[in-house]
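To start, the structure itself, in structure tokens.
All of the numbers you see were taken from the coordinates with simple rules; none came from a lab. Everything numeric in this text was worked out from a predicted model, so none of it was measured. In this analysis, Cβ positions are derived from the backbone assuming ideal geometry, glycine residues included, and neighbour counts consider all displayed protein chains.
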Amino acid sequence: MRDETKCIHCGYTPKNSEPKMVPIVQSTTYVFDSTQEVGDVFDEPTKALIYSRFANPTVMAVEQKIADLEGGIGAMCTSSGQAATLLAILNLCKVGGSFISTSQIYGGTVNLFAVTLKNYGIECIFVDADADEETIGAAVRENTRLIFGETIANPALSVLDIEKFARIAHSHKIPLIMDNTFATPILCKPFEFGADIVVHSTSKYMDGHAVQVGGVIVDSGNFDWTNGKFPEFTEPDESYHGITYVGNYGKAAYIIKARMQLMRDYGAYPAANSAFLLNLGLETLAVRMERYCKNALEVANYLAASDKIEKVIYPGLESDKYYPLAKKYLKGTSGVISFIIKGGKDNAVKFMDGLKLASIEVHVADIRTCVLHPASATHRQLTEEQLFAAGINPGMIRFSVGLESVEDIIEDIEQSLSKV
Ligand code: PLP
């Protein structure tokens, strides 16, 4: 199947006389015929459904659809993108461990890595994504467990050289985890370029309609957890009667461990109703992504031609620093544009307040055009130094182009710019 077809048909195949739409299984619990059968499931939790803190049929249908879209062996949905990133890291890191992340990532993730995980004894070493392989490789230590980066960074809009990062990670026998939120599997499938694990905030393009917050972790099934660095996959898990994840689940070891250990204990699983809504968003993802990219390129070209704009950052523009990487890795560069208005922060605020169609929101990747000033909102907690490391100019505006008529979007920009 091609992506358009997968978006609609993967994850749920009704049999004779069953509902056409994936049913919302709004149940916390599941029944068993005998005490013995319940006991069996506690010995082998993948055997049957037990409890909706870690598995539910509606959510599982969506998990399968996303795994198919990414080309992965399995997926696990979470109640937010933050939870997906957190659990993806905790599945490999414990106190005393470290990992590497590029600096060009979402501000909330910077906070999680630099502050919260540090408080739990897990250290994140930040590297410049554009540094050469030797420099990045030199940051890897004995206790380094993974490398993390964003396909298209929010809001810096830098494009990650996935093959470079996969080479560095694999030469040190550690996996590459990618946040593929802005690209979605429609524009980029990181596994094809060597990434091992993918996470998403499904609250963005996958949902697309601003109706539910969610996340997902997808496992490629390609990483060799038996390479000696990851005994937690090859040695018995005492909390499951001595199961070994590679021994029992083979290629699906990572994603099953995430569910059996972390989702069991942390319980950040989405509700069935949220998964149903996410599925509706996913059904049109391929069609929507194409139009987001088309609209955004027109808006980016319009902004680039304006004498009121200092700089437009959009990897779909040939003049953009990341255009060559975008050509290599992406089928389109999403609907998010960052730009800097001449006159700095004051004019940025004036421009934003003057918009009539686009709304000011702490959100991106919606069908409705929305706009944000990262330095005073999502990235407010970062120091000036961290802001520049994350690729954010204090006067930068993040403009998320929606699916309205592009003429209307440009007219709105025009009328507001005229007042600046
Ligand atoms: N990753 C990226 C790239 C994001 O943009 C966001 C949120 O903006 C997140 C992760 C966190 O996702 P959520 O808001 O669903 O927790």
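Quick look at the values:
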| item | result |
| --- | --- |
| Kirkwood Rh, Cα atoms: Rg over Rh of the chain | 0.98 |
| C-alpha long axis of helix 81-90 to longest principal axis of the chain, angle in ° | 50 |
| Equivalent-ellipsoid semi-axes of region 1-88, from the Cα gyration tensor, Å, largest first | 25, 19, 12 |
| Using θ = phi - 60° and Karplus 6.51 cos²θ - 1.76 cosθ + 1.60, couplings along region 300-310 (whole Hz; Gly, Pro as x) | 4, 5, 4, 5, 5, 8, 7, 7, 8, 9, 7 |
| Rounded if a/c under 1.5, otherwise prolate or oblate - region 147-210, Cα gyration tensor axes | prolate |
| Region 301-352: relative contact order as a whole-number percent, Cα under 8 Å and 6+ apart | 36 |
| Amide H contacts of THR181 (H built 1.01 Å from N, under 5 Å, at least 5 apart or other chain) | THR151, SER201 |
| The chain, helix-only ellipticity at 222 nm - DSSP H runs n ≥ 4, -39,500 (n - 2.57), divided by all residues, nearest 500 | -10000 deg cm²/dmol |
| Cβ charges +1 (Lys, Arg) and -1 (Asp, Glu), total dipole of the chain, debye | 280 |
| Counted charge near HIS170, where neighbours are those whose Cβ lies closer than 10 Å (Asp, Glu -1; Lys, Arg +1) | 0 |
| Percent antiparallel among DSSP beta bridges (both partners in region 1-147, rounded to 5) | 10 |
| Nonlocal amide H pairs with GLY74, under 5 Å, H built at 1.01 Å | ASP219 |
| Proximal lysines to LYS308, defined as alpha-carbon separation beneath 29 angstrom and excluding residues fewer than eight positions away on the same chain | LYS294, LYS321, LYS327, LYS342, LYS345, LYS350, LYS356, LYS419 |
| For region 286-417, size of Cβ-based charge dipole, Lys and Arg +1, Asp and Glu -1, in debye | 420 |
| Amide proton proximity set for THR144, modelled H, under 5 Å, gap of 5+ | SER98 |
| Descending semi-axes in Å of region 286-417, equivalent ellipsoid built from Cα gyration tensor | 21, 18, 14 |
| Relative counts (whole %) of C-alpha pair distances in region 357-405, using bins that are 10 Å wide | 28, 45, 23, 4 |
| 15 Å cut-off, amide nitrogen to a point 7 angstrom out along SER27 Cα→Cβ, residues in region 257-288 | 272-273 |
| Karplus (6.51, -1.76, 1.60) ³J(HN,Hα), θ = phi - 60°, over region 316-329, in Hz, Gly and Pro reported as x | x, 7, 4, 6, 6, 4, 9, 4, x, 5, 4, 4, 6, 10 |
| The chain: antiparallel DSSP beta bridges as a percent of all, rounded to 5 | 60 |
| Segment VAL38-ASN273, length gained on full extension (0.36 nm per residue, minus Cα span) | 82.0 nm |
| Among TYR269, SER201, PHE99 - extreme Cα towards positive end, dipole of region 3-280, charges at beta-carbon | TYR269 |
| Dimensionless Rg ratio for region 145-266, taking C-alpha atoms and the 2.2 N^0.38 Å reference | 1.14 |
| Region 109-118 - phi-based ³J(HN,Hα) in whole Hz, Karplus 6.51/-1.76/1.60, Gly and Pro as x | 6, 4, 4, 4, 6, 7, 10, 5, 5, 4 |
